[in-house]
Amino acid sequence: MQKSNCTFAAVLTETPIPKESPASKQEEILVPVDFSESSVTALRHARALAEGGRTQVILLNVVEVPGPFRTLDVAGQQRACYTQRAEWLQELADRELGSQVAARIEVREGRPSVEILRLASQRRVDLIVVGRHERHRPRRWLRAHTATQLSKKAPCPVLLLQAAHHLN
Amino acid sequence: MIARNEQPNLADSFQHRSLRARLSVRMDDLLSANIAKPAPMEKKQDWRIRNILAPTDFSPSSVEAVMQAAALARRYGALLTILHVIDINPPSARTHVGPADELMRQQLATGRAELNRLSESLAQQQTRTQARIIEGIPAEVIIENSSRFDLLVINEERPGSAWSLFSEHTVQRVIEEAACPLLVVHPRTEPENA
């Protein structure tokens, strides 16, 4: 892979960026991680894109809390859950990204598609890399894939991967 | 069930504690343990972008996707394949007067001319490009051919009406069924509304 200082977005829009400009924004690739095989595959693809550039990979895990339990006092359990998820994300980042690629860990609560889009907009990420789960067609009609929703609404390009996509 | 004004006997107390324990475990399940700690996956060779597929129907948005695919091809030193599918069931067939062969010949001639123009434009920008033109149903041809590529670049319009959930448009079918990593790009002029 060729080395480049340009961000992924800059390549797509062909915007010239000064090579050594300290003010130029660091490239950021957002990878939603639910610890499934497809999300690990997505992380590996993000690493392949990040290598050779000034790129940070953001690992995001969204904790889905069922509505009725929001009213209960579960703060302690939530904290433990967030800490555990953050530790898992860090472990995954260390294992899959190594020291060559900068990583940032984010754990949020809510609906995955909403939180992913919120973070993507807040940080103005250059790319979202997301793995998809297989679903049967009738269920797909009832609830679109999180990945499909992202591809429609994301403020940046979205790289969609099936779990079955082998790394060549 | 334990009455409020009665001292629970040992069995009731045991059941009560058991229920509380079960509820507590269920809460833990909901909050933290419903996702198992991931086991390390087998390491495979890194993904490299060597061959990029960019389908186009020559609409402005699909040509824009081709241009973005070309920029990626230059960045990664990849070969860009521009694919145009001659639709065997085109919308223009409803209003076409004359033999079907004539319509297909017209589409083929137009497709070739547009592909040549696009290829020449990309060649001037130092992009390694090849063009292909195939007859068939666009979504099926793109999906069938996608397995031979490292990346497929496609442009998707922003969400329309809720009825699109039940439709099977070409872009949606490709997004659902592509056999390779798929980069979905959006029109550059679109304001950020996510």
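Structure values in brief
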| read-out | value |
| --- | --- |
| Cβ-Cβ under 6 Å pairs, at least 6 apart or on other chains, the stretch B:98-114 side modelled with pLDDT of 85 or more, far side surrounded by 14 or more Cβ atoms within 10 Å (Cβ to Cβ) | B:Q107/B:I86; B:L108/B:I86; B:G111/B:H84; B:G111/B:I86; B:G111/B:I133; B:E114/B:F58 |
| Enumeration of residues in the stretch B:79-92 that are surrounded by fewer than 22 Cβ atoms within 10 Å (Cβ to Cβ) and either touching a strand residue (DSSP E or B) at 6+ places or on another chain (Cβ under 9 Å) or in contact (Cβ under 8 Å) with a residue 24 or more places away in the chain (or both) | B:L79, B:T81, B:I86, B:D87, B:I88, B:N89 |
| Looking only at the stretch A:15-59, and only at residues there that are surrounded by 14 or more Cβ atoms within 10 Å (Cβ to Cβ) and more than 28 Å from A:R85 (Cβ to Cβ), the one that is modelled with the lowest pLDDT | A:I17 |
| Answer from B:I82, B:I133 - the residue that is of a type outside the set (S, T, N, Q), in contact with a Gly (Cβ under 6 Å, 6 or more places away or on another chain) and within 30 Å of B:D150 (Cβ to Cβ) | B:I133 |
| Looking only at the stretch A:80-105, and only at residues there that are surrounded by fewer than 20 Cβ atoms within 10 Å (Cβ to Cβ) and charged (D, E, K, R), the one that is nearest to the other protein chains (Cβ to nearest Cβ) | A:R95 |
| Test: A:R140 is modelled with pLDDT under 80, among the basic types (K, R) and part of a helix (DSSP H, G or I) | yes |
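The values are calculated or read from the model by the stated rules, or taken from the named source; none is laboratory data. Keep in mind that this is a model prediction, so the values were computed, not measured. No Cβ is skipped: glycine too gets one built from the backbone with ideal geometry, and neighbour counts run over all protein chains shown.
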